[in-house]
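Bear in mind these aren't lab numbers, they're just calculated from the coordinates by the rules spelled out. The shown structure was predicted, so the numbers you read here are calculated from the model rather than taken from an experiment. Cβ placement follows ideal geometry from the backbone for every residue including glycine, while neighbour counts extend to all protein chains displayed.
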Amino acid sequence: MSLIMATESGQRSLGYLAELALLLLLAMLWGASYTFIKLGVESIPPVTLIAARTTIAAVVLLGVLRWHRISMPTDLAVWRRFLFQACLNSVIPFTLIAWAEQSVDAGLATILNSSAPIFTFVLAWRLARGQSATARQLFGVICGMIGICLIVGVQALTGIGQQLTAELAIVAATICYAGAAIFGRNFQGLDPILPATGSLLCGAVVLVPISLFVDHPWTLAPSARSIVALICLAVLSTALAFTIYFRLIRTLGSVGTTAQAYLRVPIGVAIGVVFLGETLAPTTLMGLVCVIAGVAAMAVPARRR
């Protein structure tokens, strides 16, 4: 009996380590996305970039589904949920972040977007009436919010309205991600690749007509660097990342999955600094420390549960 229990415990530990490895991989994929977006918007307008991102990712995942002989759901109610998930998880936040990164560094965008677990915790706490907040989680929320205010507020004092508006757009995108993480639990019974594909397809249906009307993409001449960044963004940071994301929503829960923001902050900032030559002001670094501390304070008890 003890041998069986030890074996089961070992299997659970290995399974948990596998989920943490996927969480780290997701953090790396989404941490790199800010640099891909920054390079993409150099010669591709934001709406067209995101329309192409979602379309390419959806086509890639449809190919994977066909390869594995997996059929998409036919229930209209499921597709309505896919559409709502697409608005929260791709259409609105992708466009806001791409637009904002025309004037905001990739590193700063990563920092601001790292507050997703804070908003996820607050929304989950308000929606789940029976859940109580611990002192450590409350500290995490306050500390994280201070970090956001420090980053955005100090920038507002030294910059003009355009910069502040772009930063607030990233925070708004982050709130959308938080809502998507909670709503994503509605797909618990589906293979993770199905909501990933369905939501991206719905996002493409919404974004492509807007791109055609607003940007006239046939008149654009994107650079080779922007095209490579777009392909990496679509295949790695969207198609692959979304499949991992919906799996982790099922295994780690909403707050646990968005805690990958704690990991992607140093990854995204490091990529922006090393490959784009970006620099961070001391006040921004202070905000980074506060955000990381806040997310860590919430992620630890969530992991234990």
Query - Cα-projected label distance for ALA270 with ILE210, points at 7 Å along beta-carbon direction, nm - result: 3.4
Query raised in the report: Computed over the Cα atoms, what is the radius of gyration of the stretch 22-304 divided by 2.2 N^0.38 Å, N being its residue count?
Result: 0.96
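Report the extension gain between PHE84 and TRP125 in nm, rounded to one decimal, defined as 0.36 nm multiplied by the number of residues separating them, less their alpha carbon distance.
Gain in length upon complete extension: 12.6 nm.
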Query - Inter-site label distance for SER223 and VAL289 at 7 Å from Cα along Cβ, in nm - result: 3.5
Report summary line: Extension length gain for LEU24 and ALA77 (0.36 nm per residue less Cα distance), in nm, is 15.8 nm
Requested in this report: Please sort by residue number the trypsin sites (Lys or Arg not before Pro) in the stretch 31-140 whose DSSP state is loop and whose Cβ has at most 11 other Cβ atoms within 10 Å.
Outcome: ARG69, ARG129
Query raised in the report: From the backbone phi of the stretch 113-124, what are the Karplus-calculated ³J(HN,Hα) couplings (6.51 cos²θ - 1.76 cosθ + 1.60, θ = phi - 60°) in whole Hz, Gly and Pro given as x?
Result: 6, 6, 7, 3, x, 5, 5, 4, 4, 4, 5, 5
Report task. Using a/c under 1.5 as the rounded threshold, could you call the stretch 63-134 rounded, prolate or oblate? The axes a ≥ b ≥ c are square roots of the C-alpha gyration tensor eigenvalues, and prolate needs a/b larger than b/c, oblate otherwise. Result -> oblate
